[in-house]
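Participant: Following this message is one structure expressed as structure tokens.
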Amino acid sequence: PILAFADKMRSTDHKSFVIEEPELNLFPSAQYRLIELIESMRNDPSLHWEDLGIIHTYTTHSPYILSALNNFLYAHKVIQSSYVNNVGTTYEEDKKARESMSKKVKAIVKAEINPHSFTAYQIKGGYATPIFNEKEGLISENFIDNSTDAINDDFDKLMELKSE
């Protein structure tokens, strides 16, 4: 159903949406690819989407969705760094470097998210707390990550017991 919705987004002028728990009934790699598909539409020149004013809202308990978003935020940083670091180059040289890096990034992930138009929160104890690190441009460690750590800690303890 979400893919049908994503296809509908291609033909409508209204591009903002809320998807509650997109991870439901999806294998982790499918969660990743779903978010990648939706976010890649943001950069599709044929859709004429403007980044400003479009709000994509995902409510999730999935560390895979958060990791996907982090990858797309980092993809943007990698592309941007390809020309920001080339001090003393011409505009055309910067443009070529950015296009080259963009092709390399797009061979890995199809989406990128500008950190300046992104935010993330966790709801804990009835309050929304930001989990987006503006300085790094990435999602910070959060209580979803902590729950994964706790599960892994239990596994480590069981392995230690077995080896005794």
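Participant: For residue 123, what accessible surface area do you get with a 1.4 Å probe? Give it in Å², rounded to 10.
Facilitator: Near enough 120 Å² of accessible area.
Participant: For the pair residue 16 and residue 134, what calculated FRET efficiency results from E = 1/(1 + (r/R0)^6), where r is the Cβ-Cβ distance and R0 = 22 Å, to the nearest 0.05? Present the calculation step by step, with values, prior to reporting the outcome.
Facilitator: Details: r = 22 Å, r/R0 = 1.00.
Given R0 = 22 Å and the Cβ-Cβ separation, E is 0.50.
Participant: Also, quick follow-up: List the residues, sorted by chain then number, that are 5 or more residues from residue 58 or on another chain and whose placed amide H is less than 5 Å from its amide H.
Facilitator: Counting only residues 5 or more places away or on other chains, the set is 19.
Participant: Cα to Cα, under 16 Å, and not fewer than 8 places away if on the same chain: which lysines meet these conditions relative to residue 96?
Facilitator: Qualifying lysines at Cα under 16 Å: 104, 106.
Participant: Residue by residue through the stretch 62-72, what is 3J(HN,Hα) from phi via Karplus (6.51 cos²θ - 1.76 cosθ + 1.60, θ = phi - 60°)? Round to whole Hz and write x for glycine and proline.
Facilitator: Going residue by residue, I get 9, x, 6, 5, 4, 5, 4, 4, 4, 4, 6 Hz, with x marking Gly and Pro.
Participant: Still on this structure, I have one more. What lysines sit close enough to residue 103 to cross-link, taking a C-alpha to C-alpha distance under 17 Å and skipping anything fewer than 8 places away on the same chain?
Facilitator: 77, 95
Participant: Can you list the residues, at least 5 places off or on another chain, whose amide H is less than 5 Å from the amide H of residue 131, using H built in the peptide plane?
Facilitator: Here 120, 121, 122 satisfy the definition.
Participant: Given H placed 1.01 Å from N in the peptide plane, which residues other than close sequence neighbours of residue 110 have an amide H under 5 Å from its amide H?
Facilitator: none
Participant: Output wanted: per-residue J couplings in Hz (rounded whole) for the stretch 16-26, from phi through Karplus 6.51 cos²θ - 1.76 cosθ + 1.60, θ = phi - 60°, x for Gly and Pro.
Facilitator: These are the phi-based 3J(HN,Hα) values: 7, 6, 10, 10, 8, 6, x, 7, 3, 6, 10 Hz.
The values are calculated or read from the model by the stated rules, or taken from the named source; none is laboratory data. Just so you know, these numbers come straight off a predicted model, no measurement behind them. Using ideal geometry, Cβ is built from the backbone for each residue, glycine included, and neighbour counts are taken over all protein chains shown. Just the protein is used for accessible areas: all its heavy atoms, side chains included, with ligands, DNA and RNA removed. Shrake-Rupley method; radii C 1.70, N 1.55, O 1.52, S 1.80 Å.
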